[in-house]
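Below is one structure; the comments refer to it alone.
The values are calculated or read from the model by the stated rules, or taken from the named source; none is laboratory data. This one's a predicted model, so the numbers in the text were calculated from it and none came from an experiment. Quick reminder, even Gly has a Cβ in these numbers, built from the backbone with ideal geometry, and neighbours come from all protein chains shown.
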Amino acid sequence: MLKALLAVVALAAPAQAQELRPYNIYASLDPDAPDQAVLRRVQGALTRCGISNEQDSSMAYVGLREGFYLVVSGPHASASVAAAELARAKGCGVEGYTRLARRRPGVMED
């Protein structure tokens with residue numbers, strides 16, 4: 001009985017994955033015609049800086065406005081980790097900003 005009660009409590013408790021975490025956004029583009037030159041420039045600079053990143057749709061994230069095609073990194077462990085990465089990216093010529101979000105379950109990456 002105690003194990004069953006603990007299992008119910010564990011299911012009812014908010015999971016770590018449900019919390020919003022910092023993501024860095026380096027490009028927000030038109031999803032119907034994302035500028036390929038911008039994508040190559042931003043992703044290339046981030047990769048050369050050692051910053052892991054991906055292209056994705058904003059609809060894949062809770063906490064982000066839908067309707068954009070993104071170059072995004074994260075989730076980061078904290079806002080300070082995200083800020084440190086933004087500073088590294090800026091040193092490589094790429095501006096960005098941080099937003100709190102979480103990936104929607106079951107939404108495939110672009």
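Annotations
- Among the candidates Ala101, Ala33, residue that is closer than 21 Å to Gln18 by Cα and either within 13 Å of the chain's Cα centre (by Cα) or not in a helix (DSSP H, G or I) (or both): Ala101
- For Asp110, the criteria (1) outside any helix (DSSP H, G or I); (2) touching a strand residue (DSSP E or B) at 6+ places or on another chain (Cβ under 7 Å); (3) modelled with pLDDT of 95 or more hold in every case but one, which is (3).
- Residue check for Gly63: under 25 Å from Gly106 (Cβ atoms), out of contact with any Pro (no Cβ under 9 Å at 6 or more places or on another chain) and at pLDDT 95 or above: yes
- Inclusion of Val81 among residues that are in contact with a helix residue (DSSP H, G or I) (Cβ under 6 Å, 6 or more places away or on another chain) and either at positive phi or touching a residue at least 24 places away in the same chain (Cβ under 8 Å) (or both) is not warranted.
- Total residues in region 46-70, condition closer than 18 Å to Ala87 by Cα and surrounded by fewer than 19 Cβ atoms within 10 Å (Cβ to Cβ): 5
- Any chance Ala77 is exposed (fewer than 13 other Cβ atoms within 10 Å of the Cβ), modelled with pLDDT of 95 or more and assigned to a helix (DSSP H, G or I): no
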